[in-house]
Amino acid sequence: MSAIPPMGRDGCKKNRKTSMKSLILAAGYATRLYPLTRNFPKPLLPVAGVTILDRLLADFDGIAAIDQHIIVTNHTFYEQFAAWKNDARYDREIILIDDGSVDNASRRGAVMDILHVIEQLGLEENLLVVAGDNVIDFSFAGLIEFAAMKYSSCITCHYEPSLAALQKTGVVELDENRRVLAMHEKPQQPPSHWAVPPFYLYRAEDIPLLFQAASGGCGHDAPGNLAAWLCQRTTLYAWELPGKRHDIGDLPSYERVNQLFSAARAEPPTPGSP
């Protein structure tokens with residue numbers, strides 16, 4: 001099996017089994033944020049003056065293993081993403097994919113959007129998949145290093161003490177080496193306190209399995225459905241988030257994240273810091 005080695009920016013040749021693409025899922029309609037997102041895509045909302053999308057790409061663009069950024073959106077918001085792209089300045093190429101949906105009723109679902117992108121671009125590379133409505137305070141570089149060490153596709157997890165929160169998300173069972181034993185979507189009786197956010201790293205060798213999952217009974221909406229199906233058929237490991245992720249799901253959560261990051265930006269520098 002091939003590893004997922006970190007690759008430098010020094011012109012080292014990459015092949016399709018070691019290069020990596022980032023894929024940001026941005027094709028939803030964010031109905032819980034109406035009226036704010038009735039005519040505007042959630043990933044382009046600003047958080048403390050920087051869009052959610054740009055906050056993710058700022059991290060991805062600094063990770064040497066990633067050589068291209070892919071954003072999948074819907075037909076309704078495609079032109080707004082295209083206008084954003086015209087002004088974007090990143091080292092890596094950005095590719096926009098239109099999934100063809102025009103409203104919430106016709107949306108494909110995250111699983112089908114992932115497969116749509118793979119088919120449209122003929123992808124055979126390692127793929128970092130992240131939902132485009134999350135703000136993070138850490139880097140995904142650690143996930144890539146972890147996946148290389150484990151020689152495996154990986155999901156991510158964080159400790160969640162709240163029973164109510166666990167009942168509204170994916171929950172994972174792990175062994176002592178962080179191998180995934182099982183995943184459960186919104187369980188009423190969670191088997192652990194390890195919640196699974198929508199961040200995944202699929203290695204090139206497992207890409208064909210994603211299509212088998214879609215045709216083999218895997219749900220098409222939540223991206224965690226893929227991981228839940230895969231962990232019963234191949235080896236997956238879980239990387240614990242080293243920081244916090246902030247899911248922007250409704251207006252109160254958006255307001256909280258704005259306040260949090262605005263306050264952090266306004267804090268005076270620590271003595272002795274640059």
Leading residue by the ranking (surrounded by the fewest Cβ atoms within 10 Å (Cβ to Cβ)) among those in the stretch 225-257 that are touching a residue at least 60 places away in the same chain (Cβ under 8 Å) and part of a helix (DSSP H, G or I) = Leu251
State which residue is surrounded by the fewest Cβ atoms within 10 Å (Cβ to Cβ) when the search covers only the stretch 101-120 and only residues that are without any contact (Cβ under 8 Å) to a residue 60 or more places away in the chain and out of contact with any Asp or Glu (no Cβ under 7 Å at 6 or more places or on another chain).
-> Ala105
Got a sec? Which of Leu96, Leu56, Leu45, Leu36 is in contact with a strand residue (DSSP E or B) (Cβ under 7 Å, 6 or more places away or on another chain), more than 25 Å from Met20 (Cα to Cα) and not assigned by TED's automatic domain parsing to the domain that holds Pro223?
-> Leu45
Among the residues of the stretch 175-218, write down those that are buried (at least 17 other Cβ atoms within 10 Å of the Cβ), at pLDDT 90 or above, among the small types (Gly, Ala, Ser) and closer than 15 Å to Cys231 by Cβ.
-> Ser192
Tally, over the stretch 59-79, of residues that are surrounded by fewer than 16 Cβ atoms within 10 Å (Cβ to Cβ) and over 18 Å from Ser106 (Cβ atoms) = 2
Specify the residue that is nearest to Asn39 (Cα to Cα); the eligible residues are those in the stretch 64-80 that are of a type in the set (A, V, I, L, M, F, W, C) and in contact with a Pro (Cβ under 7 Å, 6 or more places away or on another chain).
-> Phe77
When Leu209 is run through (1) touching a residue at least 40 places away in the same chain (Cβ under 8 Å); (2) within 26 Å of Gly100 (Cα to Cα); (3) touching a helix residue (DSSP H, G or I) at 6+ places or on another chain (Cβ under 7 Å), the failure sits at (1)
Failed criterion for Ile144 (all others in (1) over 17 Å from the mean Cα position of the chain (by Cα); (2) in the same structural domain as Pro208 (by TED's automatic domain parsing); (3) of a type in the set (Val, Ile, Thr) hold) | (1)
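The values are calculated or read from the model by the stated rules, or taken from the named source; none is laboratory data. Because the structure is predicted, anything quoted here is derived from the model rather than measured. FYI the Cβ positions are ideal-geometry reconstructions off the backbone, even for glycines, and counts take in every protein chain you see.
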